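Down below is the structure, laid out as structure tokens.
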Amino acid sequence: MPDRVRGMTEPSSESAERDPESVSRFVEHFAAQLVEAGMPRMPSRVFGALLASDAGTLTSAELGEQLKISPAAVSGAVRYLAQVHLVSREREPGSRRERYRVHSDQWYEALTNREAIIKRWEEALREGVASLGADTPAGRRLGETLDFFEFVEKEVVEVMERWRVYRDEKYGR
């Protein structure tokens, strides 16, 4: 019987044995896609490892062992991922050790939390339009950018509502 990948297949009736090399290839490939989209490399790798974990949780030691990275690299990656709301930290009961969890709705949470950032950008753009003058070339450019963010914000709200309905129908939530 092949060895289980630490943290990859927690015991359950649905767990299956996995080839560690296949899991590693997925994690690295998915991480490369995230890096290409602008996420830093180490957080991308940690996020990929957490996604590939059946339970969606791993300790720092498990992440370090699986990804062959230092505790400091794990810590920095998790700090970044927590700031962008892609993972959460959980204390193991009766222990000082933390587990890091990726949730099934991480993309929803990440997008929802971006709304606050977009609102701050919109406010800054409104101030810029007022300061530069709406009829100047720079003011018009800022105004168009503001319109874009307002449009995106409205569309994201509608898409997220459709996602909730779809998710509830498909996954019974």
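The values are calculated or read from the model by the stated rules, or taken from the named source; none is laboratory data. Computed from a predicted model, the values in this text were never measured in an experiment. To get the accessible areas, we keep the full protein, side chains included, count just its heavy atoms, and leave off ligands, DNA and RNA. Shrake-Rupley method; radii C 1.70, N 1.55, O 1.52, S 1.80 Å.
Out of residues 5 or more away from LEU58 or on other chains, whose amide H comes under 5 Å of its own, with H placed 1.01 Å from N in the peptide plane?
Amide H neighbours of LEU58: TYR100.
Once neighbouring chains are kept in place and the probe is 1.4 Å, which whole percent of the accessible area of region 75-173 is contributed by carbon and sulfur?
Carbon and sulfur atoms account for 55 percent of the accessible area of region 75-173.
Between the alpha-carbon centers of region 76-111 and region 14-50, tell me the distance in whole angstrom.
About 16 Å separates the Cα centre of region 76-111 from the one of region 14-50.
Of ARG126, ARG45, which has the most accessible area and how do the rest follow, probe 1.4 Å?
Ranked from most to least accessible, the order is ARG126, ARG45.
Among (1) 20.6, 72; (2) 19.3, 67; (3) 20.3, 60, only one was calculated for this model; which label is it, if the read-out is Rg and Dmax of the Cα atoms in Å?
After the calculation, the listed value that fits is (1).
Where only protein heavy atoms count, and the probe is 1.4 Å, what is the accessible area per residue for region 66-106 in Å²?
60
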